[in-house]
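The values are calculated or read from the model by the stated rules, or taken from the named source; none is laboratory data. In this text the structure is predicted, and so the values were computed from the model without any measurement. For neighbour counting, all protein chains shown are included, and Cβ atoms are generated from backbone atoms with ideal geometry for every residue, glycine included.
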Amino acid sequence: MNHMPLLVRREFWEHRSFVIAPAIVAAILLIGVTFGHVEFGNNSLDKLASPEFASKQYSVMTGILSVVALPYLISMGFLTVFYLLDSLYADRKDRSVLFWKSLPVSDRETVISKLVVAAIVLPLMTFAAVLVTNVLFSFIGSLRLSSYAEHVNIWSIVWQPSAWFSAHALLLYSLVAMMLWYLPILGWLLLVSAWARRAVILWAVLPPLAIIFLEHVLFETSYVAHLLKDRFIGWFHLAINTNAAAEHAMVLDGERIPMTGRLIDAIDPATFFSSPRLWLGIVVAAGFIWLAILLRRRYSET
Amino acid sequence: MGAVIEARGLSKSFGTFRALDNVSFSAAAGRIVGLIGPNGAGKTTALRAILGLTNYEGELKVLELDPYAQRDRLMQEVCFIADVAVLPGWLRVQQAVDYVAGVHPRFRPEQAEQFLSRTSIKRTSRVRELSKGMITQLHLALVMAIDAKLLVLDEPTIGLDILYRKQFYESLLSEYFDHERTILITTHQVEEVENILTDVLFIDRGRIVLDSSMEEVAEKYLQLTVNPDRVAAAREFKPFYEREIFGRTVMFFKDGAADGLRKLGDARTPSVADLFVAKIKGAAA
């Protein structure tokens, strides 16, 4: 019997923040776009709509649609970290683990269900939230802008199918790349959650910091620090060819806007998926998760 | 049917403390076994080993399965309430029913509904909004709706008022228990379960001090209340424990069915609680 759908539902019963957090982000963004102050200097809207900027309309729109994802990604990051640290710890703390363990669900299924929520369900929800927000955002934005500059065909700029496709394909690709790259971090958080008897956050953060410190004191090197830094930001340069992206930076109103415009052309799955660092990370993640399952089998009160 | 629980040389240490010290026992199908011992005697450790919640040394088979390695399979046949009030506060009553129904092939939701309908528990309530007694009722409703071969109850009625405690054991017997099921109970309220038990297992400091059916207890053990003038004569029969009460001496004998002995005072079969105290204190003396 496949328990996974129900186990995932269980996580949503317990963690209402999965729904509340993106709802708050959406509310803030939509209030902003509905009631926010709009001002354009130097007829920039007219400029953007003019023929010489036609090629940049796509870039501007992709950029705007992509930027909307940022607050969602940040909120998802916090949600994921706190969720995973809590996932195998909270039920030991309130002793409800005795109830969950009285049912025919294996410890492997339990641990995997938490990972599925963090690595697959939350990113997919984030993607859906961004898509829905973008539709509402663009609809409200087009309405407001078309009353602001009636002679400009705002609708054709805002609803360019190619920009919509690019922005959301890029987001989906980035989510997949991030989650694969961050798997060892997710695994580490699960391991700490299964193991710590208290202060999960400290146990998650202090050991790596202690190792960095010891390495610095004993050997005066900083390999571990570099390794960890790479683990946090390294995916971006592997997954996306930033040189190709930079060529498409645009100038508007005399200001150079480092636009993510044609990042979609710069996605580089070949480099990303052939990187040994990615696969090494996945092996490490598997080790952490395997240990978390072993620890979960052994009942221990906090 | 063979043994439901079969333990041979079961041991478990925490550091230098031996919570279970080379324990062997078995429980046959269709029995209601009371596992009785003082705090720290190893009851909980024994239960946790049986339920696959802890590893151990020695040999242990529950329904032919190795509990620690095969807990998820074992839990299809076994259900347990290990300590009360372990349902998480955020869980809603209806979610609890749905969850168990979803993961347990032997759960009968209509049975759980029937138990719940006799209580004042609302389906939409969260566990944290329920009283301690209601939480226990909910937990029991969930567990008793599982058609399991072995039911393990660890202090099942703590937090319940006296009316519901009686009702619980009555419904346990009349609705749940049949002669293929086995029930293992630990409780401090020995008097409460005494008349439903078929077997008792006394445990003290990690060792089994008595493993016996209730019939054997009645055959083998004798409690004799003796007036002061007969005490010396009764001591000739070598009681393993005695104590004073209201100026008379209560003596406990094993294999003491001798007619001569019975005439020395008021003879009766000791209650499980009295026998337990006598066994533990008698062994310590």
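Which one is nearest to the other protein chains (Cβ to nearest Cβ) among residues in the stretch B:112-136 that are part of a helix (DSSP H, G or I) and touching a helix residue (DSSP H, G or I) at 6+ places or on another chain (Cβ under 7 Å)?
Across the stretch B:112-136, the extreme among qualifying residues is B:Val127.
Does B:Phe25 satisfy the criteria of being of a type in the set (Phe, Trp, Tyr) and either closer than 21 Å to B:Thr187 by Cα or touching an Asp or Glu at 6+ places or on another chain (Cβ under 6 Å) (or both)?
Yes: the conditions hold for B:Phe25.
Can you pull out the residues in the stretch A:9-32 that are under 17 Å from B:Ala96 (Cβ atoms) and either surrounded by 12 or more Cβ atoms within 10 Å (Cβ to Cβ) or among the acidic types (Asp, Glu) (or both)?
Residues satisfying the conditions are A:Arg9, A:Arg10, A:Glu11, A:Phe12, A:Trp13, A:Glu14, A:His15.
Considering (1) closer than 30 Å to A:Val68 by Cβ; (2) touching a Leu at 6+ places or on another chain (Cβ under 7 Å); (3) modelled with pLDDT of 95 or more, say which one A:His168 fails and leave the rest.
Among (1) closer than 30 Å to A:Val68 by Cβ; (2) touching a Leu at 6+ places or on another chain (Cβ under 7 Å); (3) modelled with pLDDT of 95 or more, the lone unmet condition for A:His168 is (3).
Check whether at least one residue in the stretch A:102-114 is within 14 Å of chain B (Cβ to nearest Cβ) and of a type in the set (Lys, Arg), and report yes or no.
yes
Just to check your reading of the model, which residue among B:Glu180, B:Glu170, B:Glu192, B:Glu175 is in the same structural domain as B:Pro38 (by TED's automatic domain parsing), part of a loop (DSSP other than H, G, I, E, B), at pLDDT below 90 and at negative phi?
Every option except B:Glu180 fails the conditions.
Can you find even one residue in the stretch B:41-50 that is facing chain A (nearest Cβ under 8 Å) and touching a residue at least 24 places away in the same chain (Cβ under 8 Å)?
Yes, some residue in the stretch B:41-50 is facing chain A (nearest Cβ under 8 Å) and touching a residue at least 24 places away in the same chain (Cβ under 8 Å).
Identify the residue in the stretch B:228-261 that is surrounded by 15 or more Cβ atoms within 10 Å (Cβ to Cβ) and not in a strand (DSSP E or B) and, among all such residues, is modelled with the highest pLDDT.
Applying the filter and picking the extreme gives B:Phe240.
Can you name every residue in the stretch A:77-99 that is more than 7 Å from chain B (Cβ to nearest Cβ) and more than 20 Å from A:Arg198 (Cα to Cα)?
A:Gly77 - this is the single residue of the stretch A:77-99 that is more than 7 Å from chain B (Cβ to nearest Cβ) and more than 20 Å from A:Arg198 (Cα to Cα).
Take B:Gln95 and tell me if it is farther than 26 Å from B:Lys43 by Cβ, surrounded by 16 or more Cβ atoms within 10 Å (Cβ to Cβ) and in the same structural domain as B:Asp178 (by TED's automatic domain parsing).
yes
Could you identify the single residue in B:Val100, B:Val62, B:Val93, B:Val78 that is in contact with a Ser or Thr (Cβ under 7 Å, 6 or more places away or on another chain), of a type in the set (Val, Ile, Thr) and touching a residue at least 24 places away in the same chain (Cβ under 8 Å)?
So the residue among B:Val100, B:Val62, B:Val93, B:Val78 that is in contact with a Ser or Thr (Cβ under 7 Å, 6 or more places away or on another chain), of a type in the set (Val, Ile, Thr) and touching a residue at least 24 places away in the same chain (Cβ under 8 Å) is B:Val93.
Could you check A:Thr133 against (1) modelled with pLDDT of 95 or more; (2) crowded, with 20+ Cβ neighbours inside 10 Å and say which number it fails?
Only one criterion is unmet by A:Thr133, namely (1).
Within the stretch B:1-58, can you find the residues that are part of a strand (DSSP E or B), out of contact with any Leu (no Cβ under 8 Å at 6 or more places or on another chain) and under 13 Å from B:Thr182 (Cβ atoms)?
Residues satisfying the conditions are B:Ala3, B:Ser26, B:Ala28.
In the stretch A:269-298, what residues are hydrophobic (A, V, I, L, M, F, W, C) and in contact with a helix residue (DSSP H, G or I) (Cβ under 6 Å, 6 or more places away or on another chain)?
Passing the criteria: A:Phe272, A:Ile282, A:Val284, A:Ala285, A:Phe288, A:Ile289, A:Leu291, A:Ala292, A:Ile293, A:Leu295.
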